[in-house]
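The values are calculated or read from the model by the stated rules, or taken from the named source; none is laboratory data. Bear in mind the structure is a predicted one, so any value in this text is a computation, not a measurement. Glycine gets a Cβ as well: all are built from the backbone with ideal geometry, and neighbour counts include every protein chain shown. Remember, those area values only see protein heavy atoms, side chains included, never the ligands or the DNA or RNA. Shrake-Rupley method; radii C 1.70, N 1.55, O 1.52, S 1.80 Å.
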Amino acid sequence: MAESASMAPVDFRTHPSRYCHWDLEISADRATLTMKVDEEQPLNEGYVLKLNSYDLGVDIELADAYQRLRWEHPEVKVVTIVGGLDRIFCSGANIMMLRSSTHAFKVNFCKFTNETRLYIEEASESSHLKTLVALNGTASGGGYELALAADRILLVDDRSSTVAFPETPLLAVLPGTGGLTRLVDKRFVRRDRADYFSTLAEGIKGKRAVEWNLVDDLAPLSKFTDETLRIGDELAATISDKSGRQGIELKAVESSSTETGFKYEYVEVAFSHEGRVAELCLRVPENPKQPKSAAEARDLGCEWWILKMFRELDDALLQLRINYLDIGLILLRTQGSIETVLAADASLDEFADDWFVNEVRQQLKRVLKRYDMMAKSLFALAEEGSAFAGTLLELALASDRFYVLTDPDFPVAMAFGPMNRGAYPMGNGLTRLESRFLGEPECVGQALEVEGVFDASRADELGLSTIAPDEIDWEDELRVAIEERVSFSPDALTGMEANLRFAGPETMETKIFGRLTAWQNWIFQRPNAVGEKGALTCYGSPVQPEFDYKRT
């Protein structure tokens with residue numbers, strides 16, 4: 001029943017041996033990612049990836065490369081991204097791809113690309129993996145947005161190469177992967193200069209690019225390679241020694257089809273209600289091997305059940321996001337032993353200083369953020385045998401509603417663990433408990449003071465449940481809630497959920513996603529961009545765009 005906006009299901013799983021667009025080279029504590037897009041290998045038919053332009057397939061490989069670096073090559077301190085074509089770094093997202101894609105695909109493409117750039121920044125902060133983008137030629141649109149995610153930007157000074165955001169003047173849209181926000185919130189480019197820059201289709205080069213803080217460094221072509229190495233050395237000098245680390249194999253995530261959906265080892269997705277509801281179940285294994293030391297955790301590698309479960313969950317969320325557009329509601333369930341979950345949490349907490357355990361924690365944090373950002377309604381259901389404890393409880397707290405069955409004959413249990421105390425901050429910088437009790441901060445402390453396993457009634461007293469029906473009302477309560485939710489306008493729900501999920505302080509991350517949801521969602525549908533004579537439609541043709549000049 002897969003229905004992708006790209007007309008074919010998208011597979012987010014890949015491997016360096018299958019890369020079409022990137023070359024990954026490792027040498028001691030340095031890595032080089034060369035972007036040399038194969039223009040004849042687009043993700044879908046109907047366009048050519050000229051001038052190192054990219055589509056979702058290019059970004060899937062980039063995201064995989066950073067995962068490989070973090071897990072398989074933890075000794076690497078600095079990754080340098082450079083263009084593989086002469087005088088061009090990257091011309092941005094492929095315009096013909098955008099023109100031929102449905103609205104839903106364009107927005108989901110931008111969302112995944114945003115997440116990938118945020119992961120580059122998070123790798124610098126959490127894994128001490130610095131990124132240098134060496135612009136060997138012009139970087140425009142999404143190409144410059146990729147550079148903005150780096151720790152340092154070097155631009156070749158060859159009298160022609162520029163950085164540019166041509167979306168507004170040429171396409172009647174705006175940089176869709178956080179470019180404008182990073183320009184002013186991260187690089188602190190003056191607002192007036194950012195305005196000028198963002199309406200100058202040809203971009204800015206040379207000394208002005210450095211003066212305006214659009215790039216960090218400049219080098220003539222004759223010294224470009226030497227300057228790239230020098231800056232790489234500077235970045236590496238800020239990182240402590242990582243040479244003793246031995247990476248682990250990042251094994252492929254495997255799934256299979258079922259009569260009602262698809263499944264992995266610990267995660268299963270089943271579709272119901274005429275394909276508009278997905279039932280997502282996470283099953284905690286019975287008596288899994290729990291590491292008693294950081295070394296044992298590393299030996300388990302990708303087979304450590306908590307890591308494997310969340311890698312499977314990540315793939316399932318991506319599949320649901322882009323290949324199953326009719327799904328409007330996800331019903332989340334967990335099954336298994338709470339003690340097993342808490343034991344995993346204890347290991348994640350006790351061995352947090354180990355590089356591998358730290359990477360597991362960061363992976364879980366990233367997947368939880370992906371769950372936060374689903375453009376689907378999220379209902380968590382706690383029933384008999386549920387395992388909403390510790391890390392898995394975060395999923396319930398991230399959901400739009402948490403239904404908890406109150407039944408004295410079949411008691412529902414849950415528990416807090418050490419990982420609920422700040423290990424997985426949301427995009428707003430708060431924990432999910434802090435976001436939940438924004439107006440009642442004392443409730444956070446009261447909840448975390450509860451020791452051990454507690455029942456549904458206690459969960460309701462603590463404010464964890466949204467609705468806590470008894471066994472008589474449970475089925476009817478859920479039936480009405482599900483039928484009601486899937487009957488609402490999906491556009492209204494997407495806007496409502498995006499507003500409600502990130503209460504509290506605004507950060508660069510919440511700005512990026514909030515503006516993507518609101519502005520890009522709207523602008524991508526406006527006739528000025530995609531109408532018969534819209535700028536995106538007319539780009540590359542002799543037809544001049546025609547605009548409705550009324551401001552709204």
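Numerical summary
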{"item": "Relative contact order %, the chain, counting alpha carbon pairs below 8 Å whose residues are six or more apart", "result": "12"}
{"item": "Label-point gap, in nm, between GLU303 and SER17 - each point 7 angstrom along Cα→Cβ", "result": "2.0"}
{"item": "Estimated distance in nm for a label pair at HIS103 and ALA28, the labels positioned 7 Å out from Cα along Cα-to-Cβ", "result": "5.4"}
{"item": "Members of LYS36/LYS251; LYS111/LYS186; LYS376/LYS511 lying beyond 22 Å, as alpha-carbon distances in this model show", "result": "LYS36/LYS251"}
{"item": "Euclidean distance of C-alpha centroids, region 434-508 and region 150-225, integer Å", "result": "43"}
{"item": "Cα-centre dipole for region 172-316 with unit charges at Cβ (Lys and Arg positive, Asp and Glu negative), debye to 20", "result": "620"}
{"item": "Value of [θ]222 nm, deg cm²/dmol, for the chain, DSSP H segments ≥ 4, -39500 (n - 2.57) each, nearest 500", "result": "-11500 deg cm²/dmol"}
{"item": "Carbon + sulfur, % of accessible area of region 244-353 - ligands and nucleic acids excluded, 1.4 Å", "result": "41"}
{"item": "Rounded FRET efficiency, nearest 0.05, which uses the C-beta distance separating ILE239 from VAL450 and R0 of 30 Å", "result": "0.15"}
{"item": "Region 416-515: GluC sites (Glu not before Pro) in DSSP loop, at most 15 other beta carbons within 10 Å", "result": "GLU449, GLU451, GLU471, GLU506"}
{"item": "FRET efficiency, LYS533 to ASP409 (Cβ-Cβ, R0 51 Å, nearest 0.05)", "result": "0.15"}
{"item": "Sparsely packed trypsin sites (Lys or Arg not before Pro) within region 130-176, loop by DSSP, other Cβ within 10 Å at most 12", "result": "ARG159"}
{"item": "Cα gyration tensor, region 202-292 - rounded (a/c under 1.5), prolate or oblate", "result": "oblate"}
{"item": "FRET efficiency estimate (nearest 0.05) - Cβ-Cβ, THR466 to LYS50, R0 56 angstrom", "result": "0.65"}
{"item": "The chain: equivalent-ellipsoid semi-axes (sqrt of 5 x gyration tensor eigenvalues, Cα, Å)", "result": "40, 29, 21"}
{"item": "Inter-probe distance in nm under a simple model that places probes 7 Å from Cα toward Cβ, at ALA252 and GLU286", "result": "3.0"}
{"item": "Accessible area per residue in Å² at 1.4 Å probe, computed on the chain", "result": "43"}
{"item": "Prolate/oblate/rounded label for region 481-547 (Cα gyration tensor, a/c 1.5)", "result": "oblate"}
{"item": "Longest DSSP-loop-exposure-free segment, chymotrypsin sites (Phe, Trp or Tyr not before Pro), the chain, at most 10 other Cβ within 10 Å", "result": "189-548"}
